[in-house]
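Any read-out appearing in this document is the output of simple, stated calculations on the displayed coordinates, not a laboratory observation. Remember, predicted model here, so these are calculated numbers, not experimental data. Because the Cβ atoms are built from the backbone with ideal geometry, glycine has one as well, and the counts that use them run over all protein chains shown.
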Amino acid sequence: MNIPRISHIVVSGLLAVSLLVPLTAAAATNWSLPIALGSGGSKPAVAVDANGQQHFVWWEPSSKKIQYALCTGADGSNCTNASDLPSKGASYYPNIAIDPQGRPNVVFETKYGGSYQVFWMRKESDGWSTPVKISNKPYSELPDIASGTDGVIHVIYQSKRDGTGYVYYTKNKGGMWSKAKALTQVKSEKPLSTFGEVAEEGVNNLEAKQLSNGFFPHIAVDSENHVHAVWNAPSPYGIKYRYQMGNKKWSKTITVANGQKEQAADIAVTPDGAVGIVWGRYNDFNAAFAKYRNGKRDNYVSDIDGGLAQSLWPRIAADCAGTFHFVFQAKPTPDYSWNVYYRSYNPATNSLGNRMVITQLGAQEQTPAIAMGSVAAIVWANTSYATTYASVASTSCP
């Protein structure tokens, strides 16, 4: 499938300018026109390295392969063609992090041994390493990954067994992966989904639907190399948060929210230790945000989309100045297509920036992800055209 690098569809609400102004909470933001990275596009992820290069991963539903593309231009230009990453079977739900040596580290789930397992690989100077299975629990799925400045790689994922759901954490200090630690285990009121099977069904617009009863765990590492983890409980739902304290012991589980069928949370930490958590509220189709410091909540916003009809799948990143940045899919009216929106939040003033539409193509633009560095990068799936798109903007970070 030959996909143009730059979309030529007219983009409503996106400034088609070549000069990108700095992305800050106080300034207007110009994002590049959508860049077509490759075919497929389900559940993409992005990371930005210290040189401002943007690393993208997603799964291609036809081949059931994890795909990767690299863009080296600060305006989203100079992108490689999408390439298949090595795997040991049908693979889904990738995430990516950059280690201190600048190497992309990717985790994903693979149908393996009659179940689903989590695998990890890294891009070395001579190419991608052979995938390593880092889980040993049945139906291990939906992994996320983060890297500390000390070089430790952290991974979180979910699992299920006999009606009980688990969230597991493991790390790699440069050798073997540690024994998985259960951060939670809980019985569910409803059958727990197998997300690899959901992916294999190829359901149209699955990104826009409530995928039943998942944990969707996500992880972040702060400037002192302490780990922060967030997930949603199974039915009757609710957002849960744990973090490593000064002695590296894990805190007790903190309930961030419940009562609105909260699901699909994400987390980021600013350089000074403010923790931002976003999630979707499926009762009213809003995206919400809470800010924590040392385990104490000090702000909450119930609707970060600013009055749109429906909002789902929010993601969050933090920049070098301590500003949080949100992306989410939303509809201005219930019968409209899904668009991708962006908004910032300044913890110093507890104020939201202006809402911006990143793409509005009259198609289903869904499940975005965001990463921050010397450039900001957003990636999303266009399920109408079975394509992965990205957009970038400059920032004030070095």
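Assorted remarks:
- Shown for Ile96, Ile156: other C-beta atoms within 10 Å of each C-beta, ranked fewest to most, produce the order Ile96, Ile156.
- Ordering Glu189, Glu224 by the number of other Cβ atoms within 10 Å of each residue's own Cβ, fewest first, gives Glu189, Glu224.
- Exposure proxy for Trp58, Trp128: other Cβ atoms within 10 Å of each Cβ, ordered fewest to most, give Trp128, Trp58.
- Per-residue extension of 0.36 nm, minus the Cα-Cα distance of Tyr282 and Trp128, leaves a gain of 51.6 nm for this segment.
- Cα-only Debye scattering, the stretch 35-394: base-10 log of I(q)/I(0) at q = 0.10, 0.11 Å⁻¹: -0.53, -0.66
- Rotationally averaged projected area of the stretch 255-398 (alpha carbon convex hull; nm²): 8.4
- Across the stretch 239-356, the mean sequence separation of Cα contacts (distance under 8 Å, 6 or more residues apart), normalised by length, yields a relative contact order of 18 percent.
- Size of electric dipole in the chain: Cβ of Lys, Arg +1 and of Asp, Glu -1, about Cα centre, debye, nearest 20: 1140
- Mean residue ellipticity, 222 nm, helices only, the chain: the sum of -39500 (n - 2.57) across DSSP H runs of n ≥ 4, divided by residue count and rounded to 500, is -500 deg cm²/dmol.
- Pairwise centroid distance, computed over Cα atoms, of the stretch 319-338 with the stretch 101-118, Å: 28
- The tail of the calculated P(r) for the stretch 339-386, taken as Cα-Cα distances beyond 15 Å, holds 54 percent of the pairs.
- A dipole drawn for the stretch 35-394 from +1 and -1 charges on Cβ atoms has a positive end, and of Gln260, Ala69, Tyr93 the residue lying farthest that way is Gln260.
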